[in-house]
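*Asks:* My questions all concern the structure below.
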Amino acid sequence: MNSTSGQSVDPRLLAALSARDASTRLQAALAAGTHADPALLGALVDRCAVESDFFVRDMLTWALTRLPAELTVPRLRAELESDGGQARSQALHTLSKIGDPTVWPSITSALLRDPDDDVARSAWRAAVVLVPDAECEALATELATQFARGDRDVRRSLSRALTSLGEVIAPVLHRATTSADPEVRAHALATEQLLRDPDAAFDLDIDAAKRVAALDGAPC
């Protein structure tokens, strides 16, 4: 693991970040964020790419957000080109937490359509946080290309991302509800319901939407 700015890093902390025990790694990530040493940037980013424990990954993200954005943002943007899906996903997640609007051009169509569902979901969440107001409609149109993708959790993630954009998505949803693909129609109808009622139960909504699509004569 590399350090930043040529500063030395406590080797015991580096060892703890990659310890076998998840609780040890969690404590190390907490210590890294508490002390917010820029020399840990490389080590924290590298660990994000391979960390298996959700809670440790979340703490690593927090630790990164504690470092100066002018250091973390370029390093994380570089991770978006990584061959590793987790590296891309965690970089997107962390960038969404930092919230630097200059990152928006890096949220590409390729990331929004990434074949790795975890990467795509992270890209959707980052996009709706970072998108400029003038780009919201175009983003909604891009996200709509992913209707009917993946399992129920993936579809719910897409719907939540879309509805966070607000009423600007209404025309996009209307077009999708007339799709020849009944799965796309169902997903769009479920998203419309979430737009009207953010507390709606998505699982029930998607089933109801499929019935509506069938009754309305959607091709099978």
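*Asks:* Mind listing whichever residues of the range 49-64 are farther than 15 Å from GLN27 by Cα and crowded, with 16+ Cβ neighbours inside 10 Å?
*Replies:* The one that is farther than 15 Å from GLN27 by Cα and crowded, with 16+ Cβ neighbours inside 10 Å: ALA49.
*Asks:* Here's a follow-up. Quick one: ARG12 ticks every box in (1) part of a helix (DSSP H, G or I); (2) modelled with pLDDT under 95; (3) closer than 20 Å to ALA91 by Cα except a single one, so which number is it?
*Replies:* So the condition that ARG12 fails would be (3).
*Asks:* Go through TRP62, TRP104 for me and flag whichever is modelled with pLDDT of 95 or more, touching a Gly at 6+ places or on another chain (Cβ under 6 Å) and among the aromatic types (Phe, Trp, Tyr).
*Replies:* From the options TRP62, TRP104, the qualifying one is TRP62.
*Asks:* Kindly evaluate ALA110 against the criterion of being crowded, with 22+ Cβ neighbours inside 10 Å, closer than 27 Å to LEU64 by Cβ and without any contact (Cβ under 8 Å) to a residue 60 or more places away in the chain.
*Replies:* no
*Asks:* Here is a follow-up. Identify all residues within the range 21-44 that are in contact with a Leu (Cβ under 7 Å, 6 or more places away or on another chain), among the aliphatic types (A, V, I, L, M) and surrounded by 17 or more Cβ atoms within 10 Å (Cβ to Cβ); write none if there are none.
*Replies:* ALA28, ALA29, ALA31, ALA32, LEU41, ALA43, LEU44
*Asks:* Sticking with this structure for a sec: How many residues are in a helix (DSSP H, G or I), in contact (Cβ under 8 Å) with a residue 40 or more places away in the chain and either touching a Pro at 6+ places or on another chain (Cβ under 8 Å) or farther than 18 Å from ARG12 by Cβ (or both) when one looks only at the range 31-63?
*Replies:* 2
Each row is one residue, and each column tells you yes or no for (1) modelled with pLDDT of 95 or more; (2) among the basic types (Lys, Arg); (3) touching a Pro at 6+ places or on another chain (Cβ under 8 Å).
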position: THR24; (1), (2), (3): yes, no, no
position: ALA28; (1), (2), (3): yes, no, no
position: PRO68; (1), (2), (3): yes, no, yes
position: LEU71; (1), (2), (3): yes, no, yes
position: ARG77; (1), (2), (3): yes, yes, no
position: GLN86; (1), (2), (3): yes, no, no
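*Asks:* Count, please, the residues in the range 96-155 that happen to be under 18 Å from GLY166 (Cα atoms), among the aromatic types (Phe, Trp, Tyr) and assigned to a helix (DSSP H, G or I).
*Replies:* So the count comes out to 1.
The values are calculated or read from the model by the stated rules, or taken from the named source; none is laboratory data. Just so you know, these numbers come straight off a predicted model, no measurement behind them. Note: ideal-geometry Cβ built from the backbone for every residue, glycine included; neighbour counts use all protein chains shown.
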